[in-house]
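What follows is a single structure, written as structure tokens, with notes after it.
The values are calculated or read from the model by the stated rules, or taken from the named source; none is laboratory data. Predicted model only: the values in this text are computed from it and were never measured. Cβ placement follows ideal geometry from the backbone for every residue including glycine, while neighbour counts extend to all protein chains displayed.
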Amino acid sequence: MCGNNMSVPLLAEAVTVSGTEKETAAVIFLHGLGDSGHGWADTLTAIRLPYVKFICPHAPKIPVTLNMKMTMPAWFDLMGLSPDIPEDESGIKKAAENIKALIEHEAKNGIPPNRIMLGGFSQGGALSLYTALTCQHQLAGVVALSCWLPLHKSFPLASSGNKNLPILQCHGEMDPMIPVPFSVMTSEKLKVIVNPDNVTLKTYPGLLHSSCPQEMAAVKEFIGKHLPRI
């Protein structure tokens, strides 16, 4: 089944937070393991800019190795959460193709890729990083919250020349799931793949594997900077 066919249900069921005026930009935001697009809709509504549309697709339900093969919403299988653990390469690539099909769909409907930003939390942030760095289009940027870069050993070969991609990483300093050193390692790797000046890592004292108002304020500022009003 080709990626385009897969993306239609992703889009049909996605939670959309519409702009309050003509939409000239879009942010596709991917939730974390076991969540749904609804999980982030309220948080994103609170920081939206009037001309930006947020699209929050739902991950398919699949068995996840990390959680004793229980079936739950996941963008790809996870074997574990340490940097050296085997990864679901085919699942990651398939998921990235589905997100790229969403980008193409938005482009056909009048929002060009350079006005589209990817973002996500945890597993969703990981997929947004991988997708943006392997996308044939130069996107407006990536918001990578509490996450890591999947298949990091395959870069920079996988990277399609997106040297100027702006990346905002945010991470809680007390994250027990994905410890903050992971995001520091990810940041160092990203600075090799893209222009190092384009990578910003912000950490938040006391924050667990979740979000906080200061982080969302930084996200809003990043979106406004890289998706300015036309």
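So is Leu30 modelled with pLDDT of 95 or more and of a type outside the set (Ser, Thr, Tyr) or not? Here the answer is yes, as Leu30 does meet what is asked. Of the residues Ala46, Ala126, Ala25, the single one that is surrounded by fewer than 23 Cβ atoms within 10 Å (Cβ to Cβ), in contact (Cβ under 8 Å) with a residue 12 or more places away in the chain and out of contact with any Asp or Glu (no Cβ under 9 Å at 6 or more places or on another chain) is Ala46.
All conditions in (1) outside any loop (DSSP other than H, G, I, E, B); (2) in contact (Cβ under 8 Å) with a residue 60 or more places away in the chain hold for His209, with the sole exception of (1). Picking from Lys94, Lys100, which residue would you name as being touching a residue at least 24 places away in the same chain (Cβ under 8 Å), under 13 Å from the mean Cα position of the chain (by Cα) and either surrounded by fewer than 24 Cβ atoms within 10 Å (Cβ to Cβ) or on the phi > 0 side of the Ramachandran plot (or both)? It is Lys100.
Residue check: Phe121 meets all listed conditions (1) more than 17 Å from the chain's Cα centre (by Cα); (2) under 18 Å from Ala96 (Cα atoms); (3) not β-branched (Val, Ile, Thr) but one, namely (1).
Each residue in region 169-222 was checked for being surrounded by fewer than 19 Cβ atoms within 10 Å (Cβ to Cβ), of a type in the set (A, V, I, L, M) and in contact with a helix residue (DSSP H, G or I) (Cβ under 7 Å, 6 or more places away or on another chain), and 2 pass. Within region 74-90, if we keep just the residues that are touching a residue at least 24 places away in the same chain (Cβ under 8 Å) and of a type in the set (D, E, K, R), the residue that is surrounded by the most Cβ atoms within 10 Å (Cβ to Cβ) turns out to be Glu87.
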